[in-house]
Amino acid sequence: MESVLGNKKAVAVLLGPALIFFVGVIAVPVVWSFVYSLYTGNVIRGFTFVGAANLTRLWSDPEAHQAFWFTLKYALVVTAGQILLGYALALLYVFVLRRASTLVRTMVFFPVVLPTVSVSLLFSRFFQYAPTDGPINSILKVLGAQHVDFFSAGGTSFIVLVVMDLWRTQGFYAVLLYAGLVEIPDSAIDAARVDGAGGWRLVRHVVVPMSLPVLFSAVIFSFNASLKVFDSVLALTRGGPGSDTTPLNLFMYKTSFLSTDYGYGSTIALLITGVCLVVTLAIFRSSRRDLTKG
Amino acid sequence: MKSKATRLASLGGWGGRKSATRLASLGGWGGRKSATRLASVGGWGGRKAVLRRPVFWYAVLCSLALTVSACGGSGGSAGSSGVKDGKALSVLVTTENTSVPAELKALANGKCKTEATALPLDIQQSPSADIQQKIQLLAGQDALPALFAGGNSFIDKGGDLQKNGQVLDLDKALTDLGVNDKITPAAKSTLKQLYSGTTPSLPFQYNIEGIWYNKKIFAEQHIAVPKTWGELLAAADKLKAAGITPFTASGATSWTISRWVGAYLFRSLGTNAMLDVKEHKAKLTDPQYVAAAQAIQDLGNKKYFTDGISGIDYDTANNQFLTGKAAMMYMGSWLLALVNDPGKNKIGDAVGLMPFPAVEGGKGDINAYPANTGAPTSVNPKLFGPKTQAWVKCIATNYASDSMEQSGTFSGFVMDHPVKNLPPLTADVQQRIDKSTSTVLWFEALFNNKANQDAGGYVVKLLTGSMSAADYMGLLQNDLDTAQ
């Protein structure tokens, strides 16, 4: 093996295709996007160099600020929800349902494979107000509460969006964390039980520390995916009302492709890349210690 | 000194001079000399290489250019001006536009059969959300179809496509073809207002907008057709008190609400209300403009519109009016297609149309209807050869009567023969169009893409009171000031 890895030609042959693919698919578009962010214009008119004008505009654009804070708020809430719900389900699978968990796992995982647009339609019907009440408003009516037009205000639209995305994705995180939990040796659990640990103490002092590596992976997956949320918002609220539920990705899409402002759209795309990079590095930094080695 | 060819090759990690020679020899160019010659074509070679055989390379380049240009135009036919037709009359319109493709197909199988035999019709459709991006890409490659749905801001005078010479001047073209008089004066007036005095779009449709009302409900509640804004508010009050929803609109199709703002502006400030904004003579943040948005917000505050308007889609709004669940609705004359369909219209002859009422003390004329000429459709001057010209001439001559007979819809072309047995309401609308001496545009007509998006995107917030009238107009003015 050493002789192969010591041979520069062999290394080039082994790494070359992947490197070329990576550069072509990731690096070139990122650099290209950066170049576009220095220009204004479109493909018909041509592009004019504006230097840092797009960046200055981004800095002072209230819509961009709103999209940025919405994205962070959404990412924090959804990540917390996905990890907590997923972990709770995983604990349920391992410690309560045990071998009988297959059916429940399948049922909980089912929404993951459904197309986002279908799920969005389902939830828009669930929370419908007009022309007829959906199930949620019907329940509110039975309970004597007021009808709620969920999609007419930013706050209630956000709640529906979060509930929908949690329902849609929790199965994936439950399975991911379940895979981490089943890797914990039975002997460690048994030893803790012999020492008198049980219930919450067992989970807090044994299970959680031993499943930290997979928890960190799940947090990185979840936070990055939440920062890039697009399809569920577009299908459920279209970013509205106004721009109350518009994340950075949707703001970038609207700016680039609906307002045909490619330079400014590229600047927003760079901001998204930067945010994802900072978040990932921050999470990695906080878990620099090799947790698998205790 | 190392030659540029060698340096070029070494950039890619191919090594030195030997590699450069090897690179050239891969293509069968021979040895070291050929490598130098290859480099000289792109201007990379040294002085000696460039001077060695320039005539030979110019000849090669010229022959290549001639071959390419000869291949590019195959299948086309040239007119007297040298402009060639495409292989077909390619038409690119939105997927949502069903009437224009249907009518063009009907013409191709009927009155324009000769033209369609010479140049077959080829309709392509793309969702409205993507079509302007597609148009941009095609325009960037100089590959626009013969007829295409160019966005207003692109085809307007000073717009990107006009500047690039990718939009045919239809005023001149139709005059040359002897059919300029086939566009109705009302449609011409609307086109000139919309496109700064130019005619870059074929008026496939012509629609006026107003408030459609339920005559039966009005009669039962003893309400006369309102002529002023005050009378309209009084009518809405009376209806609301009687438990009837005065107005319906679609929050999902938000222009059904934002058009109220524009109509109010044209009545309060006159025909030039929005043109003044475009020409920077006024701002949407001026008090009289904010007052229009405030007037519409007041309708929402008084709960005159259907409850839960954000969830109402376009079909539901139409359905609410045509089943008698709402007394009034702002809409264009394209609604006649549903009104004349007994399967959709459950209130029968009770449908009436009134012009948007006058605003007390306003400068606008109640008889000036907001009007449009349908989705903009431009002609590509580079494909306007003799066969395309024949097609356009045939369309201008036959479209109006044919579309009225086939689907009961109005167009901006003159009818070549009167259509008999029109339903009474359709005939009434036709008369209003014929009598109309002036028209006004609609709220978003002169907006750029960003302002257009936001006018619709935020209007539900305006109507439901979660955004102030001043903020709404301020946001749109900001879009006009900053976006492209």
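Distance between the 7 Å Cα→Cβ label points at A:Trp32 and B:Thr95: 2.5 nm. Within the stretch B:113-162, all pairs of alpha-carbon atoms sorted by distance into 5 Å bins from zero give the percentages 5, 18, 24, 22, 12, 11, 7, 0.
Mind telling me which of A:Phe284, A:Phe158, A:Phe172 comes out most flexible in a GNM of chain A, alpha-carbon contacts under 10 Å? Largest GNM mean-square fluctuation: A:Phe284. Protein heavy-atom accessible surface, 1.4 Å probe, per residue over the stretch B:298-359: 36 Å². When the chain is fully extended, how far beyond the present Cα-Cα distance does A:Lys8 get from A:Val23, taking 0.36 nm per residue of separation? Full extension of this stretch gives 3.4 nm more. Taking the helices alone, chain A has a mean residue ellipticity at 222 nm of -20500 deg cm²/dmol, built from -39,500 (n - 2.57) per DSSP H run of at least 4 residues and averaged over all its residues.
Please give the FRET efficiency for A:Leu55 paired with A:Val104, using the beta carbon to beta carbon distance and R0 = 35 Å, rounded to the nearest 0.05. Don't jump to the answer; show the numbers that get you there.
Numbers: r = 50 Å, r/R0 = 1.42.
Given R0 = 35 Å and the Cβ-Cβ separation, E is 0.10.
Bridging of B:Lys302 to lysines at a Cα separation below 17 Å is possible for B:Lys238, B:Lys240, B:Lys461, once same-chain residues fewer than 8 apart are set aside.
When the other protein chains are added to the chain by itself, burial of at least 20 square angstrom of heavy-atom accessible area (probe 1.4 Å, ligands and nucleic acids ignored) affects these residues of the stretch B:159-197: B:Asp160, B:Asn164. For the pair A:Leu121 and B:Leu137, label points projected 7 Å from Cα toward Cβ lie 2.6 nm apart. Take the Kirkwood radius over Cα pairs of the stretch A:185-274, plug it into Stokes-Einstein at 4 °C and 1.567 mPa s, and you get 79 µm²/s for translational diffusion. Does the stretch B:257-329 classify as rounded, prolate or oblate by the C-alpha gyration tensor (a ≥ b ≥ c root eigenvalues; a/c under 1.5 gives rounded; else a/b over b/c gives prolate, otherwise oblate)? Taking the square roots of the gyration eigenvalues as a ≥ b ≥ c, the stretch B:257-329 is prolate. Is the C-alpha gyration tensor of the stretch B:90-143 telling us rounded, prolate or oblate? Criteria: a/c under 1.5 is rounded; beyond that, a/b larger than b/c is prolate, otherwise oblate. Because a/c hits 1.5 or more and a/b fails to exceed b/c, the stretch B:90-143 counts as oblate.
Averaging Cα coordinates gives a centre for the stretch A:187-235 and one for the stretch A:137-172; these two points are 27 Å apart. Among beta bridges identified by DSSP and lying wholly in the protein assembly as shown, the antiparallel ones come to about 55 percent.
Could you pull out the trypsin sites (Lys or Arg not before Pro) across the stretch B:395-484 that fall in loop regions by DSSP (anything but H, G, I, E, B) with no more than 16 other Cβ atoms inside 10 Å? Write down the numbers at each step before the final one.
Numbers: sites: B:Lys420, B:Arg432, B:Lys435, B:Lys450, B:Lys461; in loops: B:Lys420.
Loop-located and lightly packed - B:Lys420.
Select from A:Pro247, A:Pro29, A:Pro131 the residue whose mean-square fluctuation is largest in a Gaussian network model of chain A (Cα-Cα springs shorter than 10 Å). With Cα springs under 10 Å in chain A, the top fluctuation among A:Pro247, A:Pro29, A:Pro131 is at A:Pro131. Sorted largest first, the spans of the alpha carbon positions of the stretch B:103-252 along the three principal axes are 61, 34, 29 Å.
What net charge do the residues around B:Gly474 carry, taking every other residue with its C-beta under 15 Å from that of B:Gly474, with Lys and Arg at +1 and Asp and Glu at -1? Working shown, then result.
Numbers: positive: B:Lys283, B:Lys450, B:Lys461; negative: A:Asp61, A:Glu63, B:Asp286, B:Asp454, B:Asp471, B:Asp479, B:Asp481.
That sum, taken over residues with Cβ under 15 Å, equals -4.
If you wrap chain A's Cα atoms in a convex hull and average its projection over all directions, what's the area in nm²? Don't skip to the end; give the middle numbers.
Values: hull surface 92.3 nm².
So the mean shadow area of the Cα hull is 23.1 nm².
Shape summary of the stretch A:124-201, radius of gyration then Dmax from alpha carbon positions: 21.2, 61 Å. If you take all other residues with their beta carbon under 10 Å from the beta carbon of B:Gln136, and give Lys and Arg +1 and Asp and Glu -1, the sum is +1. Among the lysines, which fall within straight-line cross-link reach of A:Lys228, defined as a Cα-Cα distance under 20 Å, with same-chain neighbours fewer than 8 residues apart omitted? Answer for A:Lys228, where 20 Å is the Cα cut-off: A:Lys73, A:Lys254, listed by chain and number.
Would you mind counting up the charge near A:Leu202? Only other residues with Cβ under 11 Å from its Cβ, with Lys and Arg at +1 and Asp and Glu at -1.
Working: positive: A:Arg193, A:Arg201, A:Arg204; negative: A:Asp190, A:Asp195.
Taking every Cβ under 11 Å from that of A:Leu202, the sum is +1.
Taking amide H as placed 1.01 Å from N in the peptide plane, B:Met328 has its amide H under 5 Å from the amide H of B:Phe247, B:Thr248, each at least 5 places away in sequence or on another chain. Our analysis of the stretch B:183-275 gives Rg over Rh at 1.06, with the two radii drawn from alpha carbon positions and Rh computed by the Kirkwood formula.
Take the convex hull of the alpha carbons in the protein assembly as shown; its mean projected area over all directions comes to 46.3 nm². Each 10 Å bin from zero holds the following percent of Cα-Cα pairs in the stretch A:44-169: 10, 25, 27, 21, 10, 5, 1. Within the straight-line cut-off of under 13 Å between alpha carbons, the aspartates and glutamates reachable from B:Lys192 are B:Asp156, B:Asp169, B:Asp171, sequence neighbours fewer than 8 places apart in one chain being disregarded. Debye-formula intensities of the stretch B:314-427, expressed as log10 I(q)/I(0) at q = 0.20, 0.23 Å⁻¹, are -1.17, -1.32 (one equal scatterer per alpha-carbon, no solvent). If you wrap the tightest convex hull around every Cα atom of the stretch A:199-252 and split its volume per residue, you get 109 Å³.
List the accessible area buried at the contact between A and B, summed over both sides and calculated with a 1.4 Å probe, in Å² to the nearest 100. Walk me through the numbers on the way to the answer.
Working: alone 17280 and 22470 Å², together 37340 Å².
Accessible area lost upon association: around 2400 Å².
Pull out a ≥ b ≥ c, the square roots of the eigenvalues of the alpha-carbon gyration tensor of the stretch B:369-484, then state rounded if a/c is under 1.5, prolate if not and a/b is larger than b/c, and oblate in the remaining case. It comes out oblate by the Cα gyration axes. Split the accessible area of the stretch A:138-294 by element, probe 1.4 Å, and carbon with sulfur accounts for 65%.
Pair-distance distribution of the stretch A:76-140: all C-alpha pairs, bin width 10 Å, starting at 0; shares per bin in whole percent are 18, 30, 36, 15, 2.
In the stretch A:143-294, the convex hull through the Cα atoms has an average projected area of 13.2 nm², a quarter of its surface area. For the pairs B:Lys163/B:Lys382; B:Lys105/B:Lys393; B:Lys216/B:Lys420; B:Lys134/B:Lys278; B:Lys278/B:Lys450, note any where the Cα-Cα span goes beyond 18 Å. In this structure, B:Lys216/B:Lys420; B:Lys134/B:Lys278 lie more than 18 Å apart at Cα.
Shown here are the Rg and Dmax of the Cα trace of the stretch B:313-368, at 13.4, 42 Å.
For B:Ser90, the residues 5 or more places off, or on other chains, whose built amide H falls under 5 Å of its own are B:Asp122, B:Ala146, B:Leu147.
The values are calculated or read from the model by the stated rules, or taken from the named source; none is laboratory data. What you are looking at is a predicted structure, and each value in this text was computed from that prediction instead of being measured. Using ideal geometry, Cβ is built from the backbone for each residue, glycine included, and neighbour counts are taken over all protein chains shown. To get the accessible areas, we keep the full protein, side chains included, count just its heavy atoms, and leave off ligands, DNA and RNA. Shrake-Rupley method; radii C 1.70, N 1.55, O 1.52, S 1.80 Å.
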